[in-house]
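Written below as structure tokens is the structure these notes are about.
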Amino acid sequence: MDNFDNLSASEKAEATELQRLIAVEQQKAQFQAQVHTFTDVCWDKCMDSPGSKLDHRTEMCLVNCVERFIDTTLSITNRFSQMVQKGTH
């Protein structure tokens with residue numbers, strides 16, 4: 001679908017919009033997968049025995065775990081971005 005040479009202007013616009021919508025849906029799916037992953041990791045790390053309420057220690061463990069997971073993911077993403085930019089210049 002990269003070659004739009006044989007399409008009319010309206011077909012090109014529709015194809016471009018479709019590609020944009022697909023990219024948005026892929027980003028949503030990646031985000032949901034990321035949430036699922038850190039939920040699993042942090043649950044296993046922090047939950048001793050589920051109860052009707054979270055105690056303060058468990059709540060703080062979950063918060064810290066998620067924050068570290070997000071920080072790490074952002075750091076890795078930024079590093080890969082830097083590597084790609086260096087490779088293109």
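Can you tell me which aspartates and glutamates have their Cα less than 12 Å from the Cα of Lys12? Leave out same-chain residues fewer than eight positions away.
Output for Lys12: Asp2.
Write down the Kirkwood hydrodynamic radius of the chain, to one decimal in angstroms, obtained as one divided by the mean of 1/r over all alpha carbon pairs.
16.9
Computing the accessible area with a 1.4 Å probe over protein heavy atoms, can you report the carbon and sulfur percentage for the chain?
57
Please work out the Cα center distance from segment 64-88 to segment 1-43, rounded to the nearest Å.
Cα centroid to Cα centroid, the span is 21 Å.
If I model a spin label at Ser75 and Trp43 as a point 7 Å from the Cα along the Cα→Cβ vector, what separation in nanometres do I get?
2.6
The values are calculated or read from the model by the stated rules, or taken from the named source; none is laboratory data. Since the model is a prediction, treat every value here as computed from it, not as a measurement. Cβ sites come from the backbone with ideal geometry, for glycine too, and all protein chains shown count toward neighbours. These area figures cover heavy atoms from the full protein model, side chains too; ligands, DNA and RNA do not enter into them. Shrake-Rupley method; radii C 1.70, N 1.55, O 1.52, S 1.80 Å.
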